[in-house]
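*Asks:* For reference, the structure I am asking about is given below.
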Amino acid sequence: MLAEGAGCRPQVGGRDERAAGRQIVLAMITDADGRLAFANGDLLALGGWRWSDLSGRPWHEVLIAPEHRRRVVRAFDRAVAGKDETACVEAPLRTSDGRVRIVAWSATPSLGEDGRPTSVTSVGVDVTRWTEERDLLAAERDFDASHDRLTGLPNASTFRWRLGSELSAGRRSGRSTGVLLVALDRLRTVVETLGQEAGEQLVAEMGERVSDCVGAAAGRTPSLTLPAGTPEPMSAWMVARWSDDEFAVLLPGLVFPEETVYMARSIVATVAAPCTGSAADLRLSAAIGIALAPSDGDHPATLMRHAAMAQHAGRTSTEHMVRFVPALSQEAEGRLLIEQQLPLALERGELSVAYQPEVDAVSHRIVGLEALARWHHPVLGEVPPVRFIPIAEEIGVIAEIGQFVLQSAVRHAAQWRSDGLGDVRVAVNVSAHQLTDRSLVAAVLECLDQTGFPAHLLELEVTESAAMVDAQAAADVLGELSRQGVTISLDDFGTGYSNIGKLHHLAVSTIKIDRSFLLEDEANPSSDPGALIHAVVTLGRNLGLRVIAEGVETEEQLSRLQPQGLDAYQGFLFSRPVPAAEILRLLREGRPLGSDPGIRIA
Ligand code: C2E
Ligand code: MG
Ligand code: MG
């Protein structure tokens, strides 16, 4: 608290006046030996002394708290010796009841004939409140420089700095340092639809959740329950705002690397919990990359780069988290190539559309066709949509790709129809980003208008998770399309939140049961065969929806599905996705697909 130097000459009239309207000036006179010869009333009143308590005693013994005495006396001596004429001394003064006040003193010596001080007159002002405010401001400034304004969490540079020192500490202790890079998936869509303010609120809420979760989980993880006497207590964890939509978590001093996975699991769960406030309808999800020092890198930049690569992989993992492995470095290079090449794919004519038939559950004849994007790159070869669609969403080209698929599909279907090949429904996949963009409605209507294709034969496939990003915006867009006659199907049912209550809200008329349901059903054939699927079909029936099973690959699967009374099937057993020319041939033939349905029906 002691400060000395130029520019702090006491100002008469501090903010701490005891009596309003009267400025308080403290004054004392000390003799050549520093003993008190005079103290004014304000000084006595401030300290709660009587003059008899002070008279003749060394001033610093009475006025200055012991721990500050040496420095204060040295500073006073310098001022008195005239070495620094402008100097004043801020000194903590201990009052008779033990309080500490900060007094800024200015000392002026009276010199004798020999040039040595015969006495010193000191004038002081109580600047306690002023120094408190100043210190607070300085602390605030330091805080602002090292913390994120929105969330109040440490910022990226503070995190990097702490990570650097924890890595050094880890080298000495032999313990691991874990880093989790947590991305808030779909935040961009939220900002685009609900606005910047709602996005910021959400980031602040998620920052709190992640901090609370890490704080609470740290208490349960093994490092904190080490046997008594374990040397070196675990350093503190840290959660920082790493970028607009990312948090970084530092877990130093780990004994068991698995702790990072426990922590990541808790974070995935806390981020997925429903939002509050204006974003109450929204659900975010986290994608987490995990990297551990020293095995995954021993330098802050390397470790964070590897955590980022793992995070990208985490976006498409069912667990929403991935631990870094060296293969991800190559994967990241591949990803970069896709990011660069994808925007050019359309203009170079590298994209096309394949169609996979949906067959009637009884006749096994084609009743619908799902349009699926295909990308053939001259060097990369066939790039599967599960690889490029998420990247297209991230880099903002999904709307263009979606538009291309929509137009191709509707044109082809209109052509087949006008060729007299029947009323075959065509289904187009729509991603979250398109779903919250009202221009989708205009694009669909324009496409139908241009081709003369009936709206009721066009189906848009949306996934639950896409529809939940902004349930209200999705409901608006889908509601409008549905009013125009377009049908809506819920794709990959069972992989999202399965919030059945929202189906009605979303104007859905078809459920497509995800392939994973079939696999799960196969894995648990014992007690009640097909119970899961049966439940979905019953539910669909009650809601008046069509129910389709996706990914039917084998005769066994089909025979398990048959008693369930589904409306249609889709899967490799009937046909893989094929080019438009092949569909033309299949439609012309008009045969049942897969093996003869008659045999099984019997
Ligand atoms: P989806 O919409 O669920 O499409 C079905 C996927 O399952 C297709 O994969 C299809 O080839 C595959 N499939 C069909 N039957 C079987 C089967 O019996 N066994 C197995 N193992 N797989 C089967 P594909 O074409 O690779 O597409 C993957 C996903 O990419 C699609 O899943 C869809 O979510 C997305 N996608 C494809 N095209 C587009 C598009 O134009 N726009 C958007 N937004 N997403 C698209
Ligand atoms: Mg689909
Ligand atoms: Mg699907």
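*Asks:* Within the range 544-557, does at least one residue satisfy the condition of being over 29 Å from Arg374 (Cα atoms), at pLDDT below 95, among the aliphatic types (A, V, I, L, M) and assigned to a loop (DSSP other than H, G, I, E, B)?
*Replies:* Within the range 544-557, one or more residues are over 29 Å from Arg374 (Cα atoms), at pLDDT below 95, among the aliphatic types (A, V, I, L, M) and assigned to a loop (DSSP other than H, G, I, E, B).
For (1) surrounded by fewer than 21 Cβ atoms within 10 Å (Cβ to Cβ); (2) assigned to a strand (DSSP E or B), each residue gets a yes or a no:
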| site | (1), (2) |
| --- | --- |
| Val72 | no, no |
| Arg78 | yes, no |
| Asp97 | yes, no |
| Arg101 | yes, yes |
| Asp114 | yes, no |
| Phe143 | yes, no |
| Ser157 | yes, no |
| Ser165 | yes, no |
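*Asks:* Another question, then. When the residues of the range 546-579 are filtered to those that are basic (Lys, Arg) and in contact with a helix residue (DSSP H, G or I) (Cβ under 9 Å, 6 or more places away or on another chain), which remaining residue is farthest from ligand 3 (Cβ to nearest atom)?
*Replies:* The extreme case among them is Arg560.
*Asks:* In a helix (DSSP H, G or I), within 20 Å of Arg425 (Cα to Cα) and modelled with pLDDT of 85 or more: does that describe Leu584?
*Replies:* yes
*Asks:* Does Thr151 count as in a loop (DSSP other than H, G, I, E, B), at pLDDT 85 or above and of a type outside the set (A, V, I, L, M, F, W, C)?
*Replies:* Yes; evaluated as a whole, the condition is true for this residue.
*Asks:* Just need a number here: residues in the range 440-473 that are assigned to a helix (DSSP H, G or I), under 17 Å from Leu194 (Cβ atoms) and away from ligand 2 (no atom under 16 Å from the Cβ).
*Replies:* Total satisfying the criteria: 5.
*Asks:* Still on this structure, I have one more. Sort out which residues of the range 28-42 are surrounded by fewer than 15 Cβ atoms within 10 Å (Cβ to Cβ) and at pLDDT below 90, and write them in order of number.
*Replies:* Ala32, Asp33
*Asks:* With the requirement that a residue be more than 16 Å from ligand 3 (Cβ to nearest atom) and not hydrophobic (A, V, I, L, M, F, W, C), what does the range 375-386 give you?
*Replies:* Scanning the range 375-386 gives His376, His377, Pro378, Gly381, Glu382.
*Asks:* Out of the residues in the range 313-331 that are in contact (Cβ under 8 Å) with a residue 24 or more places away in the chain and in a helix (DSSP H, G or I), which is nearest to Leu184 (Cα to Cα)?
*Replies:* Per the criteria, the residue is Arg315.
*Asks:* Which one of these is within 13 Å of ligand 1 (Cβ to nearest atom), out of contact with any helix residue (DSSP H, G or I) (no Cβ under 8 Å at 6 or more places or on another chain) and under 30 Å from Glu331 (Cα atoms): Val386, Val397, Val379?
*Replies:* On inspection, the qualifying residue turns out to be Val386.
*Asks:* Next question, about the same structure. In the range 217-230, is there at least one residue being modelled with pLDDT under 80, touching a strand residue (DSSP E or B) at 6+ places or on another chain (Cβ under 7 Å) and farther than 13 Å from Thr151 by Cβ?
*Replies:* yes
*Asks:* Also, I was wondering about something else. So in the range 354-374, with the set limited to residues that are of a type in the set (A, V, I, L, M, F, W, C) and within 16 Å of ligand 3 (Cβ to nearest atom), which one is surrounded by the fewest Cβ atoms within 10 Å (Cβ to Cβ)?
*Replies:* The extreme case among them is Ala354.
*Asks:* With the checklist (1) within 14 Å of ligand 1 (Cβ to nearest atom); (2) out of contact with any Lys or Arg (no Cβ under 9 Å at 6 or more places or on another chain); (3) of a type outside the set (Val, Ile, Thr) in hand, flag the one item Leu587 doesn't pass.
*Replies:* Only one criterion is unmet by Leu587, namely (1).
The values are calculated or read from the model by the stated rules, or taken from the named source; none is laboratory data. Just so it is clear, the model here is predicted, and its values are computed rather than measured. Quick reminder, even Gly has a Cβ in these numbers, built from the backbone with ideal geometry, and neighbours come from all protein chains shown.
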